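A quick write-up on the structure given underneath.
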Amino acid sequence: MTDSNLRTPTQEQVKQLSSQGCTADDWSLVKIDKDFDLSRLRHCNFLGNVTVFNLSGRVSDVHGVEKPCGLYNATIINCSIGKGVRIANVRVHVSNYDIGDNVCIEDVGTIQANLGATFGNGIRVKALNEAGGREVVIFDELNSQFAYLMCVHRYRPKMIEKLEAIAGRYVQKVKSDRGTIGAGVKICSAQEIIDVRIGPAAVVNGAASLVNGTILSKADAPATIGTGVIAQDFIVSESSSVTGQAILEKTFIGQGCMIGEQFSAKNSLFFANCECFHGEACSVLAGPYTVTHHRSTLLIAGLFSFYNAGSGTNQSNHMYKLGPVHEGRLLRGTKTGSFSYMMWPCRTGPFSVVLGKHTGTFDVEDYPFSHLDARPDGKANFIPGLHLTTVGIARDAAKWPRRDRRKGDIKRDKITFDVLSPYTVGKMLKANAALRQLQESTDKSVEEVGVGGALVKRPILRASQKYYRKGIELYLLEKVMEKLKDCSKGGENCRQTFAVEADALYGDQWVDIGGQLMAEDRLRQLQDKIENNDISNISQFYEGIERIQQAYAKDEWLWVKTKFKDYFGVDLDNATVHELLEAVNEYQNVKSKFLKLVSADAEKEYAKLSRTGFGQDGTAVDAEKDFAETRGCFEANSFVKEIKQAVADLDQSVCKIKEKLNV
């Protein structure tokens, strides 16, 4: 900060300040505004170069109470203090900080920046593998895609070298001998803040110890650090809160996260909208929407996203041989039930459910929407595709976009929310073929067969194919219907809507890169550009993944057209009106059955068994009334209403499409 109104205090001013309990090693190093109200400085000790701008007016504290600006009972060392600031009751000192306008700092111990501080940038986090080998360099601009590539794709060492160079250059850029506290920050009752850079509008209330970190914050996306928090070697991003005596060590917290209620994390990365309470995380790579709410839940050496951990969930990554070297990967949307246990290495398919104690390992990543239940011997009973039509999956698909807590215009993590996509449906196609081959090759006398270390009862092989066919057909037909809805009248005009954009890229396999879905070939192009220095800084990296995000819809449609022809035998470019009408009828049939299955699953929540315990001390009639008062009725449930509306919309939509085709 610079201001032509700044002056060294006159002898008369020094005399007045001294009478108010203020001292300085050298008053010539102190600069104050020429119109400064000297009554605003009381019992302050100034050491080194100190600049104090106009402190007139009032500023609100962490509780919203307005108080007079000024410096009271504080030792200030080598600081620049902006306009409208209040600093009161500093027990040790505030040293080497540039403090923005309208900041309120009260009842703190030490706030200090040291020479060469990097504020948490450059810390190497042992994510996914507790023994190391997959370290991710954290820095302010880190996002889930960058971290995923650096952590998981170690088979491309040249790319890893380039990514580390990008991170390293950023670290050098932020390295400084001075800390910053941005405009509008509120700090109260913090014991120590050492080498921490704090962004505008952040609130730090009651923190125990913050050492070597950054609190990214903006006026439209403030961050909060709460009571009793201990954090070392950390970065907390915009719109996030870390409260309730949480403990962080070598940890990155992405945007829109909520961490609290004594949760502890070490060597872990959490990205957009994660929620972590009570439990513990060690060497975790948590993609968007990872949720753990319960005491005695341990997440260790795992990769997660869109994940929900049941109470008491834990894993083992240590076989007492070569150390904690094992890793687990629960692909997007996985849920674990209460007291679920897995011995790493294990890998689930997307949107699967894991129950019980699994002492055997399994790898069923190509079987989405599956059910894994531990047997008494620790092996896994496996039902592929079972959860495709469960109400929980449908609710998740609707709630995730609504629960995006990221504020402001910058959202670093690229997120694809789609449940059905080329990623999941591609896996279903692969799984369906594998199950069919197993069914055909398995003797009828065999009771169960092994699939990736899990066990499937032979009759389930047929049932699981049925589940997957429903999902495959629903997705492919729905995507075609979306195109038909947008076309003008007439079969010929509708076929024109099936055209593929010239720059669309076909990839048979799709991948999930930290919550962003893309064709595998898009990923390869990105990796090649990084290795060839076409992407050499973080801005270019963001541009690269943004282009992939923008290409998602066109790449998806090319994939759908290709798979539609393979699966249904219909070339959409040359489809007759009769073939399109057949597709519309099939869509109506498949979609209505799907919605009915989801509705039926939801209705189980209102079944007689669910009413156990209601109407305590009353009659059967009282039980019905108690249930209705507490839970409501099935027909009035908001999600059930959405399902019913979807059925009505389906019929109307189909009628409109048929009208267009029959012109």
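For region 301-313, filtering for residues that are surrounded by fewer than 24 Cβ atoms within 10 Å (Cβ to Cβ) and out of contact with any Lys or Arg (no Cβ under 9 Å at 6 or more places or on another chain) leaves 0. If the condition is being surrounded by 20 or more Cβ atoms within 10 Å (Cβ to Cβ), hydrophobic (A, V, I, L, M, F, W, C) and part of a loop (DSSP other than H, G, I, E, B), then region 335-362 contributes Trp344, Cys346, Phe351, Phe362.
Of the strands (runs of 3 or more DSSP E) lying entirely inside region 437-545, the ones with 2 or more residues being under 23 Å from Phe417 (Cβ atoms) are found at 510-513, 516-519.
Number of residues in region 613-663 that are modelled with pLDDT of 70 or more, among the aliphatic types (A, V, I, L, M) and under 28 Å from Asn585 (Cα atoms): the value is 5.
Counting only residues that are free of Cβ contacts under 8 Å to residues at least 24 places away in the same chain and either in a loop (DSSP other than H, G, I, E, B) or under 30 Å from Ile111 (Cβ atoms) (or both), region 148-181 holds 4 of them.
Flag set for Gln588, criterion: modelled with pLDDT of 70 or more and under 30 Å from Val500 (Cα atoms). Residues of region 322-334 that are not in a loop (DSSP other than H, G, I, E, B) and not hydrophobic (A, V, I, L, M, F, W, C): Gly328, Arg329. Looking only at residues in region 130-184 that are polar (S, T, N, Q) and within 20 Å of Gln527 (Cβ to Cβ), the one that is nearest to the chain's Cα centre (by Cα) is Ser144. When Gly64 is tested against (1) small (Gly, Ala, Ser); (2) over 30 Å from Thr227 (Cα atoms); (3) at pLDDT below 95, just one condition goes unmet, and that condition is (2). Filter region 1-44 down to the residues that are without any contact (Cβ under 8 Å) to a residue 12 or more places away in the chain, over 27 Å from Arg178 (Cα atoms) and assigned to a loop (DSSP other than H, G, I, E, B) and list them by number. Within region 1-44, Thr10 is the sole residue that qualifies.
Take Ala272 and tell me if it is at pLDDT 95 or above, among the small types (Gly, Ala, Ser) and buried (at least 21 other Cβ atoms within 10 Å of the Cβ). In short, yes.
Taking Gly116 as the residue in question, decide whether it is more than 32 Å from the chain's Cα centre (by Cα) and farther than 17 Å from Phe46 by Cβ.
In short, no.
The values are calculated or read from the model by the stated rules, or taken from the named source; none is laboratory data. Keep in mind it's a predicted model, so treat the numbers as computed, not measured. Don't worry about glycine lacking a Cβ; one is built from the backbone with ideal geometry, like all the others, and counts go over all protein chains shown.
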